[in-house]
Amino acid sequence: MHTGLYEPTLPTDRGELSAATLAYLRRASGSLPPAGDAERSDPYGDDLQLALYLCYELHYRGFAGVDDEMEWDAALLAFRRALEDRFLAALRDDAPLPADVDSALAELLVEPVQGDGISYHLRDDGTLGQVREYAAQRSLYHLKEADPHAWVLPRLHGRAKAGMAAVEYDEFGAGRGERVHARLFADLMRDLSLDTGYGRYLDAACPQMLAVSNLMSLLGLHRRLRGALVGHFAAVEITSSPNCRRLAQAMERLGAGPAAEHFYREHVEADAVHEQVVRHEVVAGLLEAEPQLAADVAFGIAATGLVEDRFTEHLLGSWRSERSSLRHAL
Amino acid sequence: MHSPRDESPRRLRVQRTGPLLVEGPVEVTLDDGTVAVSDRFCVAVCTCRRSRTYPWCDTSHRRRTAD
Ligand code: FES
Ligand SMILES: [Fe+2]
Ligand SMILES: [Fe+2]
């Protein structure tokens, strides 16, 4: 029977925190671990990141067999808070805070002649298998592309709101369902013979990818972190265009297919515009209205760099030693 | 989005480096007579001539470093 939206299934656990979360979601258990357990857990590790991811997904699509009421379950929210506190504290400790927003943005606006990120590797030496892994990992975000950022809209005003809404409108297809960026990514996945079902690769995704997605959900869901969400979004948009050019070249070289190429080519052009609007309207507009948020904007930029660097290290490290970056093969 | 019936002037932003930002949709006629159209809400027109998606900016105007 076709029931419209594909409902993601629950993944397998990766340790005690995630096992307890899964049991609670299934109503197989009525209690969750005490906050102290989250405090002792690795903030970037599989277990904590999966537990947090499960909590956040209730706000997007939920899971098959999990009661929609769970989204606002008070005990689960309290548990999520402990996980978030652990993650956020680690990010604040580990992400070197830039001196100010302008210098943080200026740094991102300089392009190395030859960089060493994932897009360089995929463009020059990547295999089709690595491109498929990369897409499967990133699908955790791209199949809900721009959704976490929409939560910031009611927390922005005037210029910042207008600019953010305009960019989101573009991300959501500018009025056309077939142009929604999440849909363009599903088309890319089809070209790569991947399963386009939402959440299909959650089990396979590395904790570094979970952290990339969890950071967005964390910053999007908390009004007090609106400055960091804006900084994060600026960092994503500024770094996207040159990256997407190289990824489009990788798709072309590997003959990945027209939709796979199109996703990245569209982002070369779109994000060259988005980064301008985000800097001139969203960041500048927010800081004009709420100058006290400058440190939060800078933190959002730094935290994004941190989780992206960790993701890059994991993928390139795995591939260098001829291992898959996924937890199990495609 | 700018409609021809709008009373308000079309908004542009010029920058020392980087593209000219124009409210879309935009139609650009190039030297050789070809016409490029973009229906984006805001269009970044390349002014540095280095773009590989000319006349649209692709961030090729950015300063580059050796490392
Ligand atoms: S102005 Fe951006 S590429 Fe030319
Ligand atoms: Fe996008
Ligand atoms: Fe974008």
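The values are calculated or read from the model by the stated rules, or taken from the named source; none is laboratory data. Please read these numbers as outputs of a predicted model, since none were measured by experiment. With ideal geometry, Cβ positions are generated from the backbone for all residues, glycine too; neighbour counts draw on all protein chains shown. Heads up: the accessible areas ignore ligands, DNA and RNA and are worked out on the full protein's heavy atoms, side chains in. Shrake-Rupley method; radii C 1.70, N 1.55, O 1.52, S 1.80 Å.
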So how do A:Arg224, B:Arg63, B:Arg16 rank on accessible area, 1.4 Å probe, biggest first, that is with the largest at the start?
B:Arg16, B:Arg63, A:Arg224
1.4 Å probe accessible area per residue over chain A, in Å²
40 Å²
Using only protein heavy atoms and a 1.4 angstrom probe, determine the accessible area buried between B and A, summed over both sides, in Å² to the nearest 100.
2200 Å²
Interface residues in the stretch B:12-29 - accessible area drops by 50 Å² or more relative to the isolated chain, probe 1.4 Å:
B:Arg13
Take peptide A:195-203, look around each residue's Cβ out to 10 angstrom, count Cβ atoms belonging to other protein chains, and average those counts.
0
Buried on assembly, the stretch A:100-125 (at least 50 Å² less accessible surface than by itself, 1.4 Å probe)
A:Val110, A:Glu111, A:Val113
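Taking every residue in B:50-60, how many Cβ atoms of other protein chains lie within 10 Å of its Cβ, on average?
On the way: counts 0, 3, 2, 6, 0, 0, 5, 7, 9, 15, 5.
Mean shielding count: 5.
Using only alpha carbon pairs under 8 Å that are at least six residues apart, calculate the relative contact order of the stretch B:6-45 and give it in whole percent.
So the answer I get is 36 percent.
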Rounded percent of accessible protein surface that carbon and sulfur make up, chain A, 1.4 Å probe
50 percent
Note on chain A: alpha-carbon gyration tensor, axes a ≥ b ≥ c; rule is a/c under 1.5 for rounded, else prolate if a/b larger than b/c, else oblate; result rounded
Name the shape class, rounded, prolate or oblate, that the alpha-carbon gyration tensor gives for the stretch B:6-45, where a ≥ b ≥ c are the square roots of its eigenvalues, rounded holds for a/c under 1.5, and otherwise prolate holds if a/b is larger than b/c and oblate otherwise.
oblate
Considering only protein heavy atoms, what is the solvent-accessible area of B:Arg64 at a probe of 1.4 Å, reported in Å² to the nearest 10?
130 Å²
Just want to confirm a number: the relative contact order over chain A, from Cα pairs under 8 angstrom separated by 6+ residues, in percent.
23 percent
Between the DSSP loop rule and a limit of at most 14 other Cβ atoms within 10 Å, which trypsin sites (Lys or Arg not before Pro) in the stretch A:245-328 are left?
A:Arg323
Work through the residues other than A:His222 whose Cβ is under 13 Å from its Cβ and net out their charges, Lys, Arg +1 and Asp, Glu -1.
+3
A drop of at least 50 square angstrom in accessible area, chain alone versus all protein chains together, probe 1.4 Å. Which residues of the stretch A:261-297 meet that?
A:Glu269, A:Val273, A:Gln276, A:His280
In vacuo Debye scattering of the stretch A:224-295, one point per C-alpha: log10 I(q)/I(0) at q = 0.12, 0.18, 0.21, 0.25 Å⁻¹?
-0.41, -0.69, -0.81, -0.98
Could you check how much of the accessible area of chain B is carbon and sulfur, as a whole percent, using a 1.4 Å probe?
49 percent
